[in-house]
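The structure is given below, and queries will be raised subsequently.
Bear in mind these aren't lab numbers, they're just calculated from the coordinates by the rules spelled out. None of these values were measured; they are calculated from a predicted model. Heads up, the Cβs are rebuilt from the backbone with ideal geometry, glycines too, and the neighbour counts pull from every protein chain shown.
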Amino acid sequence: MPLDDGYGALRGKITDYFRDDPDEFGKYYHGNLRIQAPNGIYHCAIDVDSKSSSVGVQWRTVEVRTDELASVLALGNGYHDVAMTSTSGAIDYIRSTMFTVRTGCLAIFWGLLGKEFDITKVWRSGSDIDALADLEPHIEVTRNNNLDALVFGEPFTDGLGLHNIHQNQGDPAGSQWYASNGIWQDGCTFLQQSEDKWVAFLNKFSTQSFKTDDNGHPI
């Protein structure tokens, strides 16, 4: 099943960024962007902790070109619903060409070394603080140079904002999020770094699979 309240992309300028206040253990759950859109300021909550001590966060950053985002950038500033399909500009960590091409090149390199490529090697694992430490310098470049942010996720039902800004597939059977698994609906944060370069911040939880079937369920 897809996300309950739809899926879309928000493009605009960053007006603010902050971390959640830490809990009693010093942990943060989100990095928070405020993004200016024509109809107001959106709050985008980027997940870096599951609020479960037994579940870690995994992330990677990927440089992409402006032309690889052309179909969504053509929609203009503001929030736009995006169909959960392979041709709409929707994001899928496992299937989107902009990501698979780059991991494919790595697979070829590993093959030349006589080794089998392991997708987990392009992901980092660590704490919420580690993840935010990788994300925040790219936010600063975008904000300081008055460039654009492009965020994919599920819209709030109350007020302006996006959540579920993380992988939205691969949750294991028995988890409370299994029913929300789906393909072409991953949350993602793209931060423009120059006219032709963006950095994508991909984030998932350690319990989510790197391989899924056509329903987004783990293989």
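Within 10 Å, count the other beta carbons around each residue, average over each peptide in 155-167, 74-86, 129-141, and list them highest first.
155-167, 129-141, 74-86
Rounded to the nearest 20 Debye, what is the dipole magnitude of the chain about its Cα centre when Lys and Arg each give +1 and Asp and Glu each give -1 at the C-beta?
Roughly 520 debye for the chain.
Using DSSP, restrict attention to beta bridges with both residues in the chain and report what percent are antiparallel, rounded to the nearest 5.
95 percent
Please report the net charge: other residues with Cβ closer than 12 Å to the Cβ of residue 72, K and R +1, D and E -1.
-3
Something else now. In a GNM of the chain with a 10 Å cut-off on Cα contacts, which of 204, 13, 121 has the highest mean-square fluctuation?
Comparing 204, 13, 121 in a Gaussian network model of the chain, the most mobile one is 121.
Mean-square fluctuation check for the chain, GNM, Cα pairs under 10 Å: which of 152, 18, 99 is largest?
18
Any idea what the relative contact order of the chain is, in percent, if you count C-alpha pairs under 8 Å spaced at least 6 apart?
Here the relative contact order equals 30 percent.
Please give the length that would be gained between residue 20 and residue 125 if that part of the chain were fully extended, namely 0.36 nm times their separation in residues minus their C-alpha to C-alpha distance (nm, one decimal).
35.8 nm
Same structure again: Based solely on its DSSP helices, what 222 nm [θ] is calculated for the chain when runs of n ≥ 4 H residues each add -39,500 (n - 2.57) and the sum is averaged over all residues, nearest 500 deg cm²/dmol?
Per the formula, -5500 deg cm²/dmol.
Regarding the chain, what are the three Cα extents along the principal axes, ordered largest first, in Å?
51, 41, 32
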